[in-house]
1. Residue by residue through segment A:117-136, note down the ones that are open to solvent by 20 Å² or more (accessible area, probe 1.4 Å) and away from every other protein chain (no Cβ under 12 Å).
2. For segment A:92-116, name all the residues that are over 14 Å from the mean Cα position of the chain (by Cα) and away from every other protein chain (no Cβ under 14 Å).
3. If you go through segment B:133-156 one residue at a time, do you hit one that is basic (Lys, Arg) and under 33 Å from the mean Cα position of the chain (by Cα)?
4. With (1) open to solvent by less than 50 Å² (accessible area, probe 1.4 Å); (2) in a loop (DSSP other than H, G, I, E, B) as the list, and B:Leu404 as the residue in question, which single condition is left unmet?
5. Could you identify the single residue in A:Lys207, A:Lys229 that is in contact (Cβ under 8 Å) with a residue 40 or more places away in the chain, basic (Lys, Arg), open to solvent by less than 40 Å² (accessible area, probe 1.4 Å) and outside the structural domain of A:Ala30 (by TED's automatic domain parsing)?
6. Which one of these is under 22 Å from A:Tyr307 (Cα atoms), touching a Ser or Thr at 6+ places or on another chain (Cβ under 7 Å) and either within 11 Å of another protein chain (Cβ to nearest Cβ) or crowded, with 24+ Cβ neighbours inside 10 Å (or both): A:Phe160, A:Phe139?
7. Residue check: is B:Ala522 closer than 22 Å to B:Ser711 by Cα and either outside any helix (DSSP H, G or I) or free of Cβ contacts under 8 Å to residues at least 40 places away in the same chain (or both)?
8. Exactly one condition in (1) surrounded by 20 or more Cβ atoms within 10 Å (Cβ to Cβ); (2) within 14 Å of chain A (Cβ to nearest Cβ); (3) among the hydroxyl-bearing types (Ser, Thr, Tyr) is not met by B:Tyr732; state its number.
Amino acid sequence: MRDFKIAEPRTADELAALLAESTESARLMAGGTDLVDELKSGVATAGLVVDMDKVPGLRGITAEKGGLRIGAMTRVVELAEDAAAGRDYPSLKEAALSLATPQLRNAGTVGGNLCQRPRCWYYRDPQVVCRKKGGFNCFAYQGRNKYHAIFGGSGCFIVFPSDLAPVLISLGAQATVGTAKGDKVVPLGDFYAGPEVDVTRENVLAKGQFLKSVWVPGPKPGQRAAYVKLKERSTWDFALVSAAVAGVVKDGAFTEIAVVMGGVAPVPWRLKKAEDALKGKAVSKAVIRQAADEALKDAVPMRENGYKVDLVRAALERAVLAAI
Amino acid sequence: MNSKDYIAEARGGTTRQAAKPKPQAQAQAAAAQPAAPAKAPEYKYIGKPTARVDGREIVTGRAKYTHDIKLRGMLIGKILRSPYAAAEIVSIDLAPALALPGVMAALKLAEGKVRYAGQQVAAVAAVDERTAEKALGLVKVEYKTLPSVVDWERARDAAAPQVRDDRPNVGKLNEYARGDVEKGFGEADVIIEHTYRTGFEVHNPTETHGSVAAWDSDHLTVYDSTQNIHGVRDGLARAMKVPAANITVIKNYMGGGFGSKLGANDYTVAAANLARQAGRPVKVLLSRRDNAVCVGYRPSSSQTYKIGAKKDGTLTALQLTNMASGGVGDGDDVAEPAVDIYRCPSCKVFEETVYTNTGASRAMRAPGHTQGAFGLEGAMDELAAALDMDPLELRRRNYSTKNLGDTGMPYSSKGLDKCYELGAKAIGWERRNRRPGEGGGTGPLRRGIGVATSIWFGAGVPGTLADIVLYPDGSVEVICGTQDIGCGTRTHMAVVAAETLGLEPKDITVKLGNSDYPWAPASGGSLTTPSVAPAIRDAALKAVERLKAVAAARLKIEAGDIVMADRKFASKSDPAKAAPFADVYRDLRRETVFHGERGAMPMDQFAFNTFGAHFAEVEVDVETGRIRVLKYAAAQDSGQIVSRLTAESQVVGGITQGLSAGIYEERVMDDATGNPVNPNLRDYKIATALDIPEITVLFADVFDPRINNLSVKGLGEPARVPSSAAIANAVYNAIGVHVREIPMTPKRVLEALKRKEAAS
């Protein structure tokens, strides 16, 4: 581990200013469950680590404008156990509980989960300089890629590992980004950007910006949602493929629907074609299969991850049926 | 590795007969081994559940592991390892590292070629970890990289880079033949032929490898995380050119080894050399990454079985070809189950190993047998399906009471039939699908039940020594130079001594884990209990004889009239005549040592083996390829069980490891970087507590006085051998297609289902 300085700003403005003014490579620390590991293993280096823990107002879940605001420093366990969140957004609770282990949920934060770095095993090897780390090659493309992307890879085939992001996007969440010039709000779906935009990061945060909170709109009448996570072992596992479905159901059909997949693309991956194929039709296994067929036309599996195509079908079917 | 070589190595080659007498203690003349009883005696503690005598130490964190050792003035040593799978070392410059304040020693550890990523190149010792780490970064190594190959299938190509200078990439490992297989296949009504593959399983003990070396004048003391204190001492003596008498190796507590800690390691030698150079103790601990690259793993296998049988299931011919890979070292010979478990008149084996630019494999919990059981038992189940027979019936029909593969001698005891019976009853064998995949199930879930068999060695090592020391205050010490690698050796030592002396296990002070103590073999090969327990029993019986004579004089009765129980000596004919134990000890007036030895067994007349049958019930999701093990029953023939709780725990561990290797664990190598992509516990997935089913552990309790004076056989490896295989066969029974490759990841299960779909 290289030496680094640590800063503990006491206000959001101070935090933004520190990030904006920092001439050294600065890294934000929320729960630290992953960042510390990255620093120790040498995957990441930082001249300055900015600890968000002392900034007031970033932790907690509050009712706001009919919906819920979830502070970036809210611990995952607090989200999983929040009564209002559990009542209004069962798929969000499901996702929070499916993530990592109790120890990691106690320490890890919602903001950290949404801004986490990829688990690609080449990226995580301190000896490998891949495209994401400023190199020229994606080693996964022709290498070992059973956990890698089947959608949206563009010179980098990581998958975005978050469980919370697909669900929050399916629920129409908005991200509040703190900047030195004040807050700005973006739909969470637009918060993420694939390798074609900037291969070295997974979201649109510019220098000096940080995720402050997310706001989830209140449930609409007839809103249904579900989250299905397919993994290899029972716990402490990232999704091989996950599916978040949310929408409004009337007479056995979705009048509105969002389908967002995890574990399949460098960003949470919206299956627009599946949404279109499902919207307005009475839900049946045949209809879901057709929707999956449509969406999977865009899939580009590599040598070792073709099985994810089958998992997308299974996850989609299960999530849609669970939601309805 | 050949499993017999492994056993021979664990046995420590020639055994030493004499132990150092304890100073100022009266040495007891070695008596002839008393004859074993004709049937199992009624025991008070042996075979009964006894809480671990060191359980409190362990769970309260007071037990000191090698990682916990802190000596005065101790330095931290770190090892620089090659990032390249093949390279020529042009130069190593230690000067910049030595110039860093706080760095006290540095060594070059390689010259010429490095042949795998993770190979030692240089080492430093510094006042603390941060300084040592920094110094490592300052060592200047100039490499000239060479072409390498880490993919064993590619390594077979003629165009692949040659891994070892002394031989081609493919070499013969093992060849065996009996009878005429061509004739056998000619007589067969049914012949099946399939290939089964096993991946690279990393030992990953909780406690990573490590050593602390300290010199006191010309005496070297090493605290080592090892399964073999005597072996490490002898290996260090050779490597350091120091007399073995000047080396002491200590290991008190250990967090697992599974075969990866059986000898003296290069990092231990480095620690000793750094310590000598610095004139201060040095501690070298390996990292989790190191565990994946430089201290071994279970080699892969690709086993093709061709088996012929008559309509009634009688085997006529069995042919096995195997391609193993163990990196720069040899792969495992996997043939033992195939040549020995079933009574097949003809059998032919040909095995090769493929060299690659990865670290050498090491023995891992039943080397060869674990892979072989997966292949053979999978093939037996596919044969049973082809014959439309109950897989258990097929196994029973070909039951062998002789060691056909090697000596042809009868097994001294074989309780496998009893294991089949006990396990089948516990799992509810009659509930299985009559034919594989026939059962159906709700939605995408399919259930199935499978069985697999094990054979292993584990009779123990004659010549193992142990002492019992009686002190004048009535306290008792049992001393043996064995090591408790986490399995409960301390507990069984206390149980045997207490049982024999009429005391309670808690009355016994257990000493082990020091190479100055009487010789015992490596804790590998399932040798520990059947070696150590009989030696202690022998010492304790000698103590009993002596004490009874002393007590007889005191009580004025015949020694033959004395019963020792409940911490008392009492007359059988007149229970009023009794004396407390402590009083009789006092009559000895001084501490007294009784030497015990594990006696010989009639190896020229009988084969001595352990057996077991495992049964698993699984549920498979045919849409996601996910396997859940619902229920498990394991029945073991390990002779007399000494300490029931730790024995059960050992079996649960073997099943857990087999489940984990069967479904999750696999080191993935990358040819482009020459390194594993998952040298950690995140992507190298090990089963969690939530993945482990309800487990029933059963013991066949076979009595065999020919083995040793307690009828004890080993258990550690037998518990692991058939566990992946039983689960794979249950999956076959559930979904109607054998996955034929472990780990059975969702990817492989889905691919197998596609194979089935394409075939129908």
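The values are calculated or read from the model by the stated rules, or taken from the named source; none is laboratory data. Since this is a predicted model, take the numbers as computed values, not measurements. Counting neighbours? That spans all protein chains shown, and the Cβs are built from the backbone with ideal geometry, glycine included. In case anyone asks, the SASA skips ligands and DNA or RNA and just uses the protein heavy atoms, side chains included. Shrake-Rupley method; radii C 1.70, N 1.55, O 1.52, S 1.80 Å.
1. A:Arg117, A:Arg131, A:Lys133, A:Gly134, A:Phe136
2. Taking segment A:92-116 and keeping what is over 14 Å from the mean Cα position of the chain (by Cα), we get A:93-94, A:97, A:101-107.
Passing the criteria: A:Lys93, A:Glu94, A:Arg105, A:Asn106, A:Ala107.
3. The answer is yes; a qualifying residue exists.
4. Failing condition for B:Leu404: (1).
5. Among A:Lys207, A:Lys229, only A:Lys229 is in contact (Cβ under 8 Å) with a residue 40 or more places away in the chain, basic (Lys, Arg), open to solvent by less than 40 Å² (accessible area, probe 1.4 Å) and outside the structural domain of A:Ala30 (by TED's automatic domain parsing).
6. Going through A:Phe160, A:Phe139 in turn, just one is under 22 Å from A:Tyr307 (Cα atoms), touching a Ser or Thr at 6+ places or on another chain (Cβ under 7 Å) and either within 11 Å of another protein chain (Cβ to nearest Cβ) or crowded, with 24+ Cβ neighbours inside 10 Å (or both): A:Phe139.
7. Judged against the criteria, B:Ala522 is a match.
8. Only one criterion in (1) surrounded by 20 or more Cβ atoms within 10 Å (Cβ to Cβ); (2) within 14 Å of chain A (Cβ to nearest Cβ); (3) among the hydroxyl-bearing types (Ser, Thr, Tyr) is unmet by B:Tyr732, namely (2).
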